[in-house]
Amino acid sequence: MEVIHTVEWMKQVAREARAEGRLAGFVPTMGALHAGHLSLIEAARRDASPVIVSIFVNPKQFGPAEDYRKYPGDPEGDRQKLEQAGVDFLFAPPVEEIYPAGFRTSVNVEGLADRLEGKIRPGHFRGVATVVLKLLEIVVPRFAYFGRKDAQQARIIGQMAADLALDCEIVVRPIVREPDGLALSSRNLYLSPAERKAATVLYRALLRARSAMEEGERETMRIMGLMRQEFAAEPLASLDYAEMVDADSFEPIMRLTRSCLVLLAARFGAARLIDNMQVEIVESGGGAGGVVCTL
Ligand code: AMP
């Protein structure tokens, strides 16, 4: 695996691969790699060559009171994992390479970026869209891979790619979870043992919502109420939101009549974690059953 630190060199390498007729697969990350990241790399290896992974902790997507300065990092461990995973190029630029002095441009995906995560973390998705577009312009991959763990992010990147007619397919992959259901996240490293146990409430709340829907519940207020009850019984958790939204617009829905997402965000000590579940309606009516939930 070749490690690349500059934009110019990354562009050169990517250009050469394209000149050979190769279609690159790209996995953008912020490092502290875990099996969730590796699942994206596996998918990239199946579809594309070369496989290019970036590690860049993007200052523009962190608010002033957030964890940019202490975001977990493990450069040597990450390098070994990527090597083992068969990655061809690691792009690990310093901040000045991506945001040289005088950088002024930002990308805003109207509407979608202002809700839920975007409301609690103002400017977050502007930072995400800006860095992802810049990385895609440098690497020019045929495929770019994102996790459904960050469902709103994946939706926003897909919208950006469509709006700007990017020649890159945005591939969204399933959530990788621990055996007890906790979604893998670099921020899980912040959890104390007690908080780690408490954090399974995210998964438990989603399961509770699923059971209710499988029993025929279609009123989102009631389903959200059940999830809030789970959180209320967990003293180490502080819920930011438990929402049910249309999978396309991310607007709240009142009744479950079409595909939607159940989205959760909560704090456990220093860790702020998110999780979600996809819900498909497989029959009209609203009797028992009729939903397929993907955790
Ligand atoms: P991050 O390093 O947290 O910015 O994440 C990089 C990519 O990995 C994003 O597309 C995330 O959605 C994805 N990702 C993070 N955690 C998981 C997970 N548990 N399962 C699948 N994908 C994930």
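The values are calculated or read from the model by the stated rules, or taken from the named source; none is laboratory data. Everything numeric here is computed off the predicted structure, so don't read it as measured data. Backbone-built Cβ (ideal geometry, glycine too); neighbour counts: all protein chains shown. Side chains are part of the model used for accessible areas, which takes the heavy atoms of the whole protein and leaves out ligands, DNA and RNA. Shrake-Rupley method; radii C 1.70, N 1.55, O 1.52, S 1.80 Å.
Over the chain, how many pairs of lysines fall under 23 Å by alpha carbon, counting only those 8 or more apart in sequence or from different chains?
Pairs that pass both the separation and distance tests number 14.
Can you pull out the GluC sites (Glu not before Pro) in segment 197-295 that DSSP calls coil and that have at most 10 other Cβ atoms within 10 Å?
Of the GluC sites (Glu not before Pro), the ones in loops of segment 197-295 whose Cβ has at most 10 other Cβ atoms within 10 Å are 215, 283.
Can you tell me the 0 to 90 degree angle between the C-alpha axis of helix 151-163 and the longest principal axis of the chain, rounded to 10?
50 degrees
Hey, what angle do you get for helix 220-232 against the long axis of the chain, alpha-carbon based, 0 to 90 degrees rounded to 10?
Orientation of helix 220-232: about 80 degrees from the principal axis.
For segment 186-294, give the share of DSSP beta bridges that are antiparallel, in percent and rounded to the nearest 5; count only bridges with both residues there.
Taking every DSSP beta bridge within segment 186-294, about 100 percent pair in antiparallel fashion.
For n ≥ 4 DSSP H runs only, could you compute -39500 (n - 2.57) per run for the chain, divide by its residues and tell me the 222 nm figure to the nearest 500?
Helix contribution divided over all residues of the chain: -11000 deg cm²/dmol.
Counting DSSP beta bridges with both partners in the chain, what percentage is antiparallel, nearest 5?
Expressed as a percentage, antiparallel bridges in the chain total about 55.
Using DSSP to define loop residues, name the GluC sites (Glu not before Pro) in segment 1-89 whose beta-carbon has at most 16 other beta-carbon atoms within 10 Å.
20, 66
If one takes the longest principal axis of the Cα atoms in the chain, at what angle in degrees, from 0 to 90 and to the nearest 10, does the Cα axis of helix 7-19 lie?
90 degrees
Taking all protein chains in place and a 1.4 Å probe, what share, in percent, of the accessible surface of segment 186-294 do carbon and sulfur account for?
Solvent-exposed carbon and sulfur of segment 186-294 make up 52 percent of the total.
Calculate, for the chain, the solvent-accessible area per residue in square angstrom, rolling a 1.4 angstrom probe over the heavy atoms of the protein chains.
For the chain, the solvent-accessible area averages 46 Å² per residue.
If I take the Cα coordinates of the chain and project them onto the principal axes, what are the three extents in Å, biggest first?
That gives 57, 42, 38 Å along the principal axes, largest extent first.
Please give me, ordered by residue number, the chymotrypsin sites (Phe, Trp or Tyr not before Pro) of segment 86-185 that lie in loop per DSSP and have at most 14 other Cβ atoms within 10 Å.
Taking segment 86-185 and a limit of 14 other Cβ atoms within 10 Å, the loop chymotrypsin sites (Phe, Trp or Tyr not before Pro) found are 103.
Mind putting a number on the dipole of segment 28-116 about its Cα centre? Charges go on the C-beta only, +1 for Lys and Arg and -1 for Asp and Glu, and I need it in Debye to the nearest 20. Let's see the in-between values first.
Details: 9 positive and 13 negative charges, 22 e Å.
In total the dipole reaches around 100 debye.
What is the percent carbon and sulfur in the accessible area of segment 2-173, measuring with a 1.4 Å probe over the protein chains and ignoring ligands?
Of all accessible area on segment 2-173, carbon and sulfur atoms account for 50 percent.
Using DSSP loop states and a limit of at most 13 other Cβ atoms within 10 Å to flag trypsin sites (Lys or Arg not before Pro), what is the longest stretch of the chain containing no flagged site?
The longest uninterrupted stretch comes out as 105-257.
Give, rounded to the nearest 20 debye, the magnitude of the charge dipole that the chain has about its Cα centre when Lys and Arg contribute +1 at Cβ and Asp and Glu contribute -1 at Cβ. Before the final figure, lay out each step's value.
Working: 36 positive and 40 negative charges, 76 e Å.
Its charge dipole is roughly 360 debye.
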